[in-house]
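Notes to accompany the following structure.
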Amino acid sequence: MCELRVPQHETWITGLAADARRVVTGSNDRTVVVWDRVDGHWSHILKGAAGQITAVGLHGDVAVAAARDKTLRLWDMVTEAQLACVSPPARDLVNGVAVDEHLVVAACTANVLRVFCRRSGKWVRELHGHAGPVYGVDMQVSFALSRCCVFSQVKVGN
């Protein structure tokens, strides 16, 4: 286990995602920092969000961040190049993201999950049925079934 020291963020960390090699943190300072999970040192600071970061995700060499400016940004974590900047169709605030090699799923305050296709660069599906704003999402892929299962979290009560 390693301890991450966070002088790279100027304010609160608002999102965290990790895989076997890296940790990604997002902050109210509008940056996303990529960390080496083994030694705890940061390797890249991803900039470009016009609003505070609300959620982050990663898959392979791609980091995803949702921001209060109602955008999702995708970056290549190796080159720091911004791959995409998109807004949900209804300009929802995104509270959580999940990403795989094909899709980004955005948990939105408009009681819906919105699905973005990385290959086409388009929003391809909306998953309705939540009674309130969606605050988190996770995605697991079953290769045997070739299906994507999406799990979401809704705040109940106060």
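The values are calculated or read from the model by the stated rules, or taken from the named source; none is laboratory data. All values reported here derive from a predicted model rather than from experimental measurement. Neighbour counts run over all protein chains shown; Cβ positions are idealised from the backbone, glycine included.
Of all residues in segment 117-130, none are hydrophobic (A, V, I, L, M, F, W, C), at pLDDT below 90 and either touching a strand residue (DSSP E or B) at 6+ places or on another chain (Cβ under 9 Å) or outside any loop (DSSP other than H, G, I, E, B) (or both).
The selection criterion, being assigned to a loop (DSSP other than H, G, I, E, B), in contact with a Ser or Thr (Cβ under 9 Å, 6 or more places away or on another chain) and surrounded by 23 or more Cβ atoms within 10 Å (Cβ to Cβ), does not hold for Ala65. The numbered conditions (1) under 17 Å from Gly26 (Cα atoms); (2) surrounded by 13 or more Cβ atoms within 10 Å (Cβ to Cβ) are all true for Ser87 except (1). Return yes or no: is Leu113 modelled with pLDDT of 90 or more, under 14 Å from the mean Cα position of the chain (by Cα) and under 19 Å from Val33 (Cβ atoms)? In short, no.
Residues considered: Asp39, Asp92. Of these, the only one that is surrounded by 15 or more Cβ atoms within 10 Å (Cβ to Cβ), out of contact with any Phe, Trp or Tyr (no Cβ under 7 Å at 6 or more places or on another chain), part of a loop (DSSP other than H, G, I, E, B) and charged (D, E, K, R) is Asp92.
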